[in-house]
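The structure under discussion appears below in the form of structure tokens.
A short reminder: the numbers here are calculations on the coordinates, not readings from a lab. Just so you know, these numbers come straight off a predicted model, no measurement behind them. Cβ sites come from the backbone with ideal geometry, for glycine too, and all protein chains shown count toward neighbours.
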Amino acid sequence: MPGHPLRPFAFATGIEASCPRVLLADGRTVRVDEYEKTGHYDRWRDDFALVKELDLDVLRYGPPYHKTHLGPGRYDWCFADETFAELRRLGITPLVDLCHFGIPDWLGDFQNPEWPRHFAEYARAFARRYPWTRFFTPVNEIFVTATFSAQNGWWNECLTGDRSFVTALKHLCQANVLGMRAILASQPNAWFIQSESSEYFHAEDPASEPLADFLNQKRFLPLDFTYGQSVTVPVYEYLLDNGMTRDEYHWFAKNQVKGRCVLGTDYYWTNEHLVHGDGTTAASGEIFGYYVITKQYFDRYKLPVMHTETNIKQGERGDEAVVWLKKEWAQMIRLRKDGVPIVGFTWYSLTDQVDWDTALRDDAGRVNALGLFDLERRIRPVGDAYRTLIDMWDDILPMETMCLNFPEKL
């Protein structure tokens, strides 16, 4: 098919694609594959039909990286060939998610300096095989990936400390930039929507303010690297003290492709943190909210914005997710009215997730009621609410940006 016209505003969802190696509480390290846990491998046709049922035309989706990239120059495209052909047939525009928290076993982990080069080759191979795709998130949530893998010790390399964090962050951002450049070599009209966790750190008391201030600079590092943005002197010293070289730092400014990017901001109840006097942090819950924090990111990077992830658990009342959807939407509309060019909104994900209540670290098979549909593919109240929201706003919500030809025909 020649492609499908998109709405002038991207109403989206996603299929939860996390696939890290995880250190479980019992000491075992296992690959956690959310496609498997949620039944997507068996029910992908049903899942795509649900996207159409909600009248959505953008889906955050990608091949399972750890099963597709088999070795240097070696790929298994069987699953991707089937699924992407069906997305194209249905007229669903994929926002292609190439690396979602985990990498193939043969590449080790994010401490591997060779991984960015191999990832760029994978991104180039994907772009050549599916030349009709135009929208990409090369590496998903770099800040979360580096923090959980190399500072908290939970995923992948399971390391703790600033040096391992900086190494993982550096390699993730190199892979992100090299991946974008590799895709553009085949598809000059490609666009990149970074899906990054929008964070904020609140000081509990005056003694906590210096650390909170530093953490509020550190949170920007994945996007600073990706977009070639200069950092403050304390952050630059932190990077050099923890193994980054001057040449590695300056490489990002020389290689950025910011002009082809959309700032994707993810916001959850857990994105705001309280910094204690002893240097530890804890979730603070929603204090500032999506409006205030996204405005900080927009003021820093001056790029069009897409709300690329949000959700909350449907609780005992049954309307918690619906209330959250309305709140996130209202804050996004306020941003738009205040001059921030908003190009899309995403409830993540299409179906419920499994074991995310423990950051995938407890392999208990516990269903988290976060989806527009449950795992039996029955619609949840938030799914009905999202469909209604789309119907109400579809004809009256234009894209407001002067610098992005998005959308066009594929």
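A few notes on this one:
- Two-decimal Rg to Rh for the stretch 99-233 - Kirkwood Rh, Cα set: 1.02
- Here the stretch 195-233 is scanned for amide nitrogen atoms under 15 Å from the site 7 Å beyond the Cα of K302 along Cα-to-Cβ, giving 227-230.
- For the stretch 231-239, backbone phi angles converted through the Karplus equation (6.51, -1.76, 1.60; θ = phi - 60°) give residue-by-residue couplings of 9, 6, 4, x, 6, 4, 5, 4, 5 Hz, Gly and Pro being listed as x.
- One chain, two ends: W132 and D162. Fully extended at 0.36 nm per residue, the span grows by 6.7 nm beyond their Cα-Cα distance.
- Globularity ratio of the stretch 152-191, using Cα Rg and 2.2 N^0.38 Å: 1.59
- Sparsely packed trypsin sites (Lys or Arg not before Pro) within the stretch 305-353, loop by DSSP, other Cβ within 10 Å at most 10: R317
- Å³ per residue enclosed by the Cα convex hull of the chain: 137
- Extension gain (nm, one decimal) between V233 and V30, 0.36 nm per residue minus Cα-Cα: 69.1 nm
- DSSP-defined beta bridges in the chain - what % are antiparallel, rounded to 5: 25
- Label sites at D384 and A282, each approximated as a point 7 angstrom past Cα along Cα to Cβ, lie 3.8 nm apart.
- Relative frequency of Cα-Cα separations exceeding 19 Å in the stretch 245-364, percent: 60
- Distances between placed amide hydrogens fall under 5 Å for Q194 paired with V262, G264, all partners being 5 or more residues away or on another chain.
- Counted charge near P72, where neighbours are those whose Cβ lies closer than 15 Å (Asp, Glu -1; Lys, Arg +1): -1
- Compactness relative to 2.2 N^0.38 Å, alpha carbon Rg of the stretch 1-111: 1.18
- Taking amide H positions as modeled 1.01 Å from N, with prolines and chain starts lacking one, the residues under 5 Å from V343 and 5 or more places away or on another chain are V305, M306, H307.
- Note on the chain: dipole from Cβ charges, positive end direction compared against V340, Y291, A120; the farthest Cα belongs to A120.
- In order along the stretch 330-342, the phi-based Karplus estimate (6.51 cos²θ - 1.76 cosθ + 1.60, θ = phi - 60°) of 3J(HN,Hα) comes to 4, 5, 5, 5, 5, 4, 4, 5, 8, x, 8, x, 9 Hz; Gly and Pro are listed as x.
- Close amide H pairs (under 5 Å, H built 1.01 Å from N) link Y75 with L70, residues at least 5 positions away or on another chain.
- Highest to lowest packing among 240-246, 195-201, scored as the average C-beta count within 10 Å: 195-201, 240-246
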